[in-house]
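The values are calculated or read from the model by the stated rules, or taken from the named source; none is laboratory data. Keep in mind the model is a prediction, meaning the values are calculated, not measured. Please note: Cβ atoms are built from the backbone with ideal geometry, for glycine as well, and neighbour counts cover all protein chains shown. Accessible surface is based on the protein model in full, side chains and every heavy atom, while ligands, DNA and RNA are left aside. Shrake-Rupley method; radii C 1.70, N 1.55, O 1.52, S 1.80 Å.
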Amino acid sequence: MLENQIAIVTGGAVGIGTAIAERFVEDGATVVIADIDEDAGSEVADEIGCTFAHCDVREYDQVESLVDGVVDDHGRLDVVVNNAGISSVTSVEEMDLEEWEAVLETNLDGVMHGTKAALPHLKETDGCIINLGSIYGLVGGKGAASYSAAKGGVINFTQQVAIDYADQGVRVNSICPGFVETPMTEDLLEDERFYNFLEQKTPMDRHGQPEEIAPMAAFLASEEASYITGANIPIDGGWTAF
Ligand code: NAD
């Protein structure tokens with residue numbers, strides 16, 4: 001579905017980002033994984049047949065260099081997946097301001113940086129942006145004040161940029177996963193009390209796997225999704241329907 005497409009996946013060194021990068025490669029895309037984890041990123045890039053670039057999405061200059069470098073190397077850019085993120089399960093009163101800022105900088109500013117740097121190139125190719133939201137941006141979650149705020153921002157930002165660039169050929173969507181087994185969630189998913197809560201909240205009674213998120217990213221990036229923009233799509237075993 002993605003033959004001849006040039007794609008960037010931020011935060012692709014592990015978890016959902018790796019699954020998306022791998023699926024894109026299988027579908028024929030040329031993929032650059034961008035991450036702050038140089039060791040894991042280089043190793044996974046070798047394994048799945050893509051390239052790795054070091055980039056901290058909190059820093060606009062680094063994101064702009066990444067995007068410009070990819071366009072210099074490949075002549076075009078078709079897809080950006082703004083996936084890099086960190087988690088936080090701290091309530092407002094317990095949270096210090098540094099934690100609030102760190103989550104917003106990575107999870108929201110990082111998405112804006114990827115979007116701003118890529119848009120001039122995506123306008124040339126009728127390209128698309130796929131952001132990683134979360135169910136916690138749609139409905140909130142226990143004690144996840146900064147994370148939910150950032151993801152809510154990602155969801156509204158997705159709609160806003162989709163509106164602003166629809167007539168310039170760029171589609172912008174987000175995927176909003178429920179709980180998916182990755183390094184981000186491994187401790188939480190091993191906690192019996194939390195898992196009981198998850199089962200009660202999830203009609204499908206289980207968490208998801210990164211490979212259950214990646215096909216939606218591939219679909220959204222493809223021509224098959226040519227009339228889809230401004231959508232925030234839950235993949236959550238029914239959590240937000242309940
Ligand atoms: P993860 O923690 O397993 O992996 C995140 C990756 O992002 C890591 O490789 C990390 O090094 C990278 N990263 C972190 N900060 C970065 C920065 N400043 N610059 C560049 N890279 C950075 O996370 P995951 O579970 O694979 O989640 C991926 C995305 O999906 C995140 O945006 C997350 O919020 C979202 N999400 C995850 C879940 C879940 O249950 N796993 C649910 C909903 C949404």
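Of all positions in region 42-63, none carries a residue that is touching a helix residue (DSSP H, G or I) at 6+ places or on another chain (Cβ under 6 Å), closer than 20 Å to Pro183 by Cα and among the small types (Gly, Ala, Ser).
Here Val111 does not fit the description of being away from the ligand (no atom under 16 Å from the Cβ), buried (at least 17 other Cβ atoms within 10 Å of the Cβ) and part of a helix (DSSP H, G or I). When you scan region 9-26, do you find a residue that is in contact with a Leu (Cβ under 6 Å, 6 or more places away or on another chain) and assigned to a strand (DSSP E or B), even just one? No. Restricting attention to region 38-63, and to residues there that are open to solvent by less than 20 Å² (accessible area, probe 1.4 Å) and in a helix (DSSP H, G or I), which single residue is farthest from the ligand (Cβ to nearest atom)? Here the answer is Ala45.
Those residues that are over 29 Å from Glu94 (Cα atoms) and within 19 Å of the chain's Cα centre (by Cα), I need them from region 143-170; list them, please.
Thr158, Gln159, Gln160, Val161, Ala162, Val170
Restricting to region 201-231, count the residues that are open to solvent by 20 Å² or more (accessible area, probe 1.4 Å) and more than 17 Å from Val79 (Cα to Cα).
Number of matching residues: 9.
Looking at region 64-87, can you tell me whether even one residue there is of a type in the set (S, T, N, Q), within 9 Å of the ligand (Cβ to nearest atom), outside any loop (DSSP other than H, G, I, E, B) and touching a helix residue (DSSP H, G or I) at 6+ places or on another chain (Cβ under 8 Å)? Yes: one or more hits. Determine whether region 91-101 contains at least one residue that is over 22 Å from Ile233 (Cα atoms), in contact (Cβ under 8 Å) with a residue 40 or more places away in the chain, surrounded by 21 or more Cβ atoms within 10 Å (Cβ to Cβ) and in contact with a helix residue (DSSP H, G or I) (Cβ under 8 Å, 6 or more places away or on another chain). No, the conditions are met nowhere in region 91-101. Each residue in region 119-145 was checked for being within 17 Å of Asn232 (Cβ to Cβ), assigned to a loop (DSSP other than H, G, I, E, B) and at pLDDT 95 or above, and 3 pass. Filtering region 142-158 to residues that are out of contact with any strand residue (DSSP E or B) (no Cβ under 9 Å at 6 or more places or on another chain) and surrounded by 18 or more Cβ atoms within 10 Å (Cβ to Cβ) leaves Ala144, Ala145, Ser146, Tyr147, Ser148, Ala149, Ala150, Gly152, Gly153.
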